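Participant: What follows is a single structure, and I will ask about it in a moment.
The values are calculated or read from the model by the stated rules, or taken from the named source; none is laboratory data. Owing to the predicted nature of the structure, the values given are computational and were not obtained by experimental measurement. We place every Cβ from the backbone using ideal geometry, glycine too, and count neighbours over all the protein chains shown. In case anyone asks, the SASA skips ligands and DNA or RNA and just uses the protein heavy atoms, side chains included. Shrake-Rupley method; radii C 1.70, N 1.55, O 1.52, S 1.80 Å.
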Amino acid sequence: MIKIDLITGFLGAGKTTFIKKYASYLLKQGQNIGIIENDFGAVNVDMMLLKELEGENCELEMIAGGCDRETHRRRFKTKLIAMGMCGYDRVIVEPSGIFDVDEFFDTLYEEPLDRWYEIGNVIAVVDGGLEEKLSDQAEYLLASEAASAGCVVLSRCDEVSEEQKRAVTEHLERAIENVRCRRTFEGEILSKDWEKLTDQDYDRLLKCGYHSTAYEKKHFSEEKFTSLYFMNLSFTAEELACRAEKIMAEPECGSVFRIKGFGKNREGQWMEVNVARGKVTLRPISEGQEVLIVIGENPVKEKIEVYFAE
């Protein structure tokens, strides 16, 4: 049977970056893998960020937006059926940041997927610089996406203090308690700089499995968590990063978690632009697209557009 892993995590936590590390390790072990980008967005920037993994032993598939949740679930199942015939050792699924994890389990238990796939690991990526205070809906998403995880991986560990890591762990424990879930994360949080992960760390991740755990389900409007797309911006990557920082610092723009996309630098080289609170990353990339995505909770489009005016 094909092992299938779910890499989940709240909007902007760093799932795509983690998948690049995780998938690269699997490829070095000689595994044949498929990656599904399962996003409700109209433009899948994460798919482009993973392009450098694509090759003889790694294929990328995408399920993009433009449909309701039930239609999206059917497309997800159809994609998995097609991939079940490709001879993969492992399939990695990256969902949207507001994904209902139960949908993953429900789909895998349906025929014929239950005969082709074996659930391997559920890994939750949590921002090591997570803010202390989130909205009620954001707190619920944080808890629900970590509740089933066999391992929680903290991002940005090279940038935050040990005290901050402890604060995030305590925050996660509180969020879990608030949805009346009884599980704990003792020994199941990996808080380490991703550049320093060892074979032992990856072996731990590959054996972490998942938890079947109950928690109080809540329902809310997904429209509150939004990705805004800005196309054909006539700025260099450096200028885009500068403007993105200003947007994130301006309360009138809403609660913006992350801004990511592509732009060319002053020498004409495509660059990946990734801006989170307190961190700006500009990284050369082989190909890009003139798009910048603003991800947040109730982002105010009219205020954000001002920063991209000529």
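Participant: Filter segment 282-304 for residues that are farther than 28 Å from residue 267 by Cβ and acidic (Asp, Glu); which is most open to solvent (accessible area, probe 1.4 Å)?
Facilitator: Result: 302.
Participant: Still on this structure, please answer the following. State all residues of segment 185-205 that are hydrophobic (A, V, I, L, M, F, W, C), open to solvent by 20 Å² or more (accessible area, probe 1.4 Å) and over 18 Å from the mean Cα position of the chain (by Cα); if no residue qualifies, say none.
Facilitator: 197
Participant: Also, quick follow-up: Could you figure out which of (1) closer than 28 Å to residue 23 by Cα; (2) of a type outside the set (D, E, K, R); (3) modelled with pLDDT under 90 isn't true of residue 298?
Facilitator: Tallying (1) closer than 28 Å to residue 23 by Cα; (2) of a type outside the set (D, E, K, R); (3) modelled with pLDDT under 90, residue 298 fails exactly one: (1).
Participant: Continuing with this model, one more query. Checking residue 29 against (1) free of Cβ contacts under 8 Å to residues at least 12 places away in the same chain; (2) closer than 21 Å to residue 143 by Cα: exactly one of these is not met. Which one?
Facilitator: Of everything listed in (1) free of Cβ contacts under 8 Å to residues at least 12 places away in the same chain; (2) closer than 21 Å to residue 143 by Cα, residue 29 misses just condition (2).
Participant: Just wondering, is there one or more residues in segment 195-208 that are under 30 Å from residue 4 (Cβ atoms), at pLDDT below 90 and not acidic (Asp, Glu)?
Facilitator: No, every residue in segment 195-208 fails to be under 30 Å from residue 4 (Cβ atoms), at pLDDT below 90 and not acidic (Asp, Glu).
Participant: Turning to a different aspect of this structure: Residue 233 fails exactly one of the following numbered conditions: (1) over 20 Å from the mean Cα position of the chain (by Cα); (2) open to solvent by 40 Å² or more (accessible area, probe 1.4 Å). What is the number of that condition?
Facilitator: Of (1) over 20 Å from the mean Cα position of the chain (by Cα); (2) open to solvent by 40 Å² or more (accessible area, probe 1.4 Å), only one is false for residue 233: (2).
Participant: Can you name every residue in segment 147-163 that is more than 17 Å from residue 206 (Cα to Cα) and buried (at least 18 other Cβ atoms within 10 Å of the Cβ)?
Facilitator: Matches in segment 147-163: 147, 155, 156, 157, 160.
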